[in-house]
Amino acid sequence: MAYIKARRGLSPRQTMLILVIWMCALGVSVGAWTSGSWLVAVLPVEFAIVGLMVGGLIVRLASAPLMRRALTERGQTYEQQLTLRLTPEAIVYDLADLTTIARWSCVTDLYLTRKYWVFLVQSSAMVLPRRFFATREHERNFIAQAMSLMPSAAQDRSPDAAKVLKT
């Protein structure tokens, strides 16, 4: 989801970088001012950054099992059936018991992440795993169909899709 947030503003990575930079700038400055030594000020800030990185790693590793457990407690499965259909009027995104229909006029761009194609629809995302395509040719044909239905402004904001069509 970081890629989606980056398209709408600051991504979580950018936010984290800003926080670390300000933590360093203020931590070192205030530490040097209060202690009178830059060395004394730098050491606690370095340990704080290491702690932040270790904590972030722990959160990342723990979040998937916690999410699975929370879904199970609510009677939902972690993996759900997904179907994405392209019609001349809209994208139809069926995820288990939820159906989302987005007219092509509200698609703002289509971009590629490492494992997914993402249709950005206003400020929401319709995510399509690349593993759904049996071959690169099937993927290319799907992208060509999607691009032909998207508004020209959205096509212009979709260089990843255009690149796939050129190859």
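The values are calculated or read from the model by the stated rules, or taken from the named source; none is laboratory data. Keep in mind the model is a prediction, meaning the values are calculated, not measured. Neighbour counts run over all protein chains shown; Cβ positions are idealised from the backbone, glycine included. Accessible surface is based on the protein model in full, side chains and every heavy atom, while ligands, DNA and RNA are left aside. Shrake-Rupley method; radii C 1.70, N 1.55, O 1.52, S 1.80 Å.
Identify the residue in the range 77-96 that is modelled with pLDDT of 90 or more and open to solvent by less than 40 Å² (accessible area, probe 1.4 Å) and, among all such residues, is farthest from D109 (Cα to Cα). Result: D94.
Quick one: would you say V118 is hydrophobic (A, V, I, L, M, F, W, C) and closer than 30 Å to V28 by Cα? The answer is no for V118. Residue count for the range 36-69 under the criterion of being part of a helix (DSSP H, G or I) and either open to solvent by less than 60 Å² (accessible area, probe 1.4 Å) or closer than 30 Å to Q80 by Cβ (or both): the result is 21. Filtering V59, V127 for residues that are of a type outside the set (S, T, Y), under 18 Å from the mean Cα position of the chain (by Cα) and closer than 24 Å to K163 by Cβ leaves a single hit, V127.
Of all the listed residues (V127, V107), the sole one being without any contact (Cβ under 8 Å) to a residue 12 or more places away in the chain and surrounded by 16 or more Cβ atoms within 10 Å (Cβ to Cβ) is V127. Taking the condition surrounded by 13 or more Cβ atoms within 10 Å (Cβ to Cβ) and either over 22 Å from the mean Cα position of the chain (by Cα) or modelled with pLDDT under 95 (or both), does L120 pass? The answer is yes for L120. The conditions of being surrounded by fewer than 10 Cβ atoms within 10 Å (Cβ to Cβ), charged (D, E, K, R) and out of contact with any Phe, Trp or Tyr (no Cβ under 6 Å at 6 or more places or on another chain) are met by R74.
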